[in-house]
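The values are calculated or read from the model by the stated rules, or taken from the named source; none is laboratory data. Everything numeric in this text was worked out from a predicted model, so none of it was measured. So basically every Cβ, Gly included, is an ideal-geometry build from the backbone, and we count neighbours across all protein chains shown. For the accessible areas, the whole protein counts, side chains as well, though only heavy atoms, and no ligand, DNA or RNA atoms are used. Shrake-Rupley method; radii C 1.70, N 1.55, O 1.52, S 1.80 Å.
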Amino acid sequence: MHRSRILRALALLFAIALIASGCSGRDSEGSSSSSDGGSNSSDGGDNGGGEATGIDTSDCPDTDTAGIDGDTIVLASSFPQSGLTAAFAQISKGYKAYFDKLNADGGVEVAGKKYKIKVVDKDDEYNASKTVQNINEEVGADGTKAFAVFNVVGTANNVAIRESLDENCVPNLFAATGSPAWGNPDYPWLVGSTLAPYTLEAKAFADYLKENEPTAKVAMLVQDDDFGKAYEEGFKKAIEGTDITVADVATYPTGANEVASQITSLKASGADVFFNGATLLACPNALTEASADGWARKHTFVSGTCISKTLMGIATSTDPKSTDGVLATTNIKDPLNPAFADDEAMKEYLSVIDEYGADDVDPENGIVAYGYTQAAVLAYVLGQVDELSRSAVIDAVRSIDTEGLGLALDGVQIKMGADDPYLAENLQLIQYDSANQYFENVGDVIDFEGKTAELTPEDLING
């Protein structure tokens with residue numbers, strides 16, 4: 001329960017003695033209306049919105065249409081653009097190209113009127129305190145300078161801004177992290193992206209081991225924060241009742257890239273499977289260190305944050321054996337995979353990036369495709385609302401039910417509902433071919449739709 005909401009609730013109780021509970025209980029009387037109507041956006045999706053969520057807006061400030069400047073919708077973002085974590089900036093190259101194409105075509109149609117989309121952003125170097133500063137400047141202390149926050153990178157970074165944005169009822173859309181914490185009902189204005197929850201990645205790998213290596217001894221490398229905790233706890237929960245064991249868990253500091261000592265320790269555990277839950281340079285460095293140490297492993301799994309051309313390329317160029325056969329999960333079509341060469345969505349993506357992408361954008365980089373897909377989802381949502389307001393948009397996001405947006409894999413649902421706060425819960429297991437330097441699909445899309453909460457330790461959601 002947020003402090004300011006408590007004070008407002010007590011004031012109401014004292015003044016009119018009309019309500020019997022604090023303001024954290026959001027009821028239907030103050031709910032925004034359902035926003036499943038309206039026209040579809042031009043990009044993908046053949047289904048309308050799903051069940052309305054009825055988020056209570058009764059104690060929101062009177063800023064429901066803030067951040068709309070004439071025919072322009074202003075979005076704010078913060079992400080690493082310099083230093084060791086600058087690789088994440090490629091995400092923005094994808095969505096900015098999509099928005100530039102959309103704007104060149106006149107904008108997105110919302111309730112009969114066309115609007116262009118403008119993104120203002122700042123570099124936070126993956127530092128949560130800088131994220132707070134950036135978002136405060138871009139959105140304003142009262143939340144009136146931007147319509148919504150969009151695709152902020154990092155779990156800790158989004159946690160740091162979620163309370164103030166929630167207080168001001170500013171949508172924080174498509175947080176660029178698969179943290180299961182985005183299902184916390186105390187923060188209804190925060191929505192995760194099409195990155196599947198990290199605990200589902202862990203579950204998919206555990207299921208793979210149950211079938212292919214049922215007595216595996218697993219060593220885990222994870223970041224020393226909530227990002228790493230989600231992988232560790234999610235995997236341990238997924239192997240309960242099996243003969244799979246976790247031999248050791250090593251952590252590394254957030255943002256660090258040197259993990260040699262951790263790999264030495266994990267190898268010494270006698271583990272025959274490596275769960276590499278690292279991100280950015282720590283991930284490829286862990287792969288090459290494991291190979292250099294002669295660690296004989298039956299299987300290696302890497303985080304979905306590590307599957308970009310850049311990161312896998314670093315390890316492959318150092319030692320092709322370090323990446324060959326590595327497993328991961330995704331729900332985005334890999335631009336490097338020739339299986340998608342004739343795919344219409346892929347052709348459209350490549351055309352848009354070629355014409356509207358920045359000079360330094362790499363269309364073969366999977367995280368560019370991810371960013372592009374987040375823009376496609378937002379355009380679709382805006383096309384569903386009957387009015388352009390924050391409450392209408394957040395309700396439309398939380399009642400979305402469609403597929404085929406951006407470069408989402410065929411069979412991947414983009415769906416939320418009143419009892420399901422996770423946007424994308426379908427995964428494709430993929431395996432890296434180091435000779436050709438791309439991931440190939442393994443089996444069919446795995447359907448975890450509506451199951452994240454039951455497969456995730458509660459503290460990871462409500463923490």
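Worth a mention:
- Dipole orientation for the chain: of the candidates Ser193, Val218, Thr329, Val218 has the Cα lying most toward the positive pole (charges on Cβ; Lys, Arg +1; Asp, Glu -1).
- Surface composition of the chain: carbon and sulfur atoms hold 47% of the protein heavy-atom accessible area at a 1.4 Å probe.
- For Lys298, the aspartates and glutamates whose Cα falls under 12 Å of its own Cα, not counting residues fewer than eight places away in the same chain, are Glu213, Asp272, Asp324.
- Loop sites in segment 302-395: GluC sites (Glu not before Pro), DSSP, at most 16 other Cβ within 10 Å: Glu387
- Helix-only mean residue ellipticity at 222 nm for the chain, each DSSP H run of n ≥ 4 adding -39500 (n - 2.57), per residue, nearest 500: -10500 deg cm²/dmol
- For segment 87-94, 3J(HN,Hα) per residue [Karplus equation, 6.51 cos²θ - 1.76 cosθ + 1.60, θ = phi - 60°, Hz, x = Gly/Pro]: 4, 5, 5, 4, 4, 5, 4, x
- Ranking Asp420, Asp166, Asp447 from most to least accessible surface, computed with a 1.4 Å probe over the protein chains only, gives Asp447, Asp420, Asp166.
- Nearest 10 degrees, 0 to 90: helix 309-318 Cα axis against the chain principal axis: 20 degrees
- Taking amide H positions as modeled 1.01 Å from N, with prolines and chain starts lacking one, the residues under 5 Å from Leu409 and 5 or more places away or on another chain are Ile332, Lys333.
- Modelled label positions at Glu387 and Asp62, each set 7 Å beyond Cα in the direction of Cβ, lie 1.4 nm from each other.
- Relative contact order of segment 236-317, taken over Cα pairs closer than 8 Å and 6 or more residues apart, is 28 percent.
- Taken over the Cα atoms of segment 118-269, the convex hull encloses 114 Å³ per residue.
- Computed over the chain: relative contact order in percent, which uses C-alpha pairs under 8 Å that are six or more apart: 21 percent
- Descending principal axes extents, segment 251-408, alpha-carbon based, whole Å: 60, 34, 28
- Derived scalar couplings ³J(HN,Hα) [segment 383-391; Karplus, 6.51 cos²θ - 1.76 cosθ + 1.60; whole Hz; x for Gly, Pro]: x, 8, 7, 8, 8, 8, 8, 4, 5
- When the alpha carbon gyration tensor of segment 259-350 is reduced to an equivalent ellipsoid, its three semi-axes come out at 29, 12, 11 angstrom, largest first.
- Relative contact order (%) - segment 207-345, alpha-carbon pairs under 8 angstrom, separation at least six: 21 percent
- Segment 354-463 pair-distance distribution - Cα-Cα, 5 Å bins, rounded %: 2, 10, 15, 18, 18, 17, 12, 6, 2, 1, 0
- Using Cβ point charges alone (K and R +1, D and E -1), the dipole size of segment 286-393 about the Cα centre works out to roughly 560 debye.
- Taking 23 Å as the straight-line reach from the Cα of Lys130, the lysines in range (excluding those fewer than 8 positions away in the same chain) are Lys93, Lys96, Lys118, Lys122, Lys145, Lys229.
- Convex hull of alpha carbon positions in segment 192-281: directionally averaged projected area 5.9 nm².
- Against the main long axis of the alpha-carbon atoms of the chain, helix 282-292 sits at an angle near 10°.
- Only Lys, Arg, Asp and Glu carry charge here, each on its Cβ (+1 for the first two, -1 for the last two); on that basis the chain has a dipole of about 800 debye about its Cα centre.
- Summing charges over all other residues whose Cβ lies under 13 Å from the Cβ of Asp225, with Lys and Arg as +1 and Asp and Glu as -1, gives -3.
- Rounded to 10°, Cα long-axis angle of helix 3-16 versus longest principal axis of the chain: 30 degrees
- In the chain, the C-alpha radius of gyration followed by the widest Cα-Cα span (Dmax) gives 21.8, 72 angstrom.
- Measuring with a 1.4 angstrom probe and ignoring ligands and nucleic acids, Asp459 comes out at about 70 Å² accessible.
- Solvent-accessible surface of the chain, taken per residue with a 1.4 Å probe and all protein chains present: 38 Å².
- For segment 94-111 versus segment 277-301, the gap between their alpha-carbon centres in whole angstrom: 40 Å
- Residues in segment 95-104 carry Karplus couplings, in order, of 6, 5, 5, 4, 5, 5, 5, 4, 5, 5 Hz; the curve used is 6.51 cos²θ - 1.76 cosθ + 1.60 with θ = phi - 60°, and Gly or Pro positions show x.
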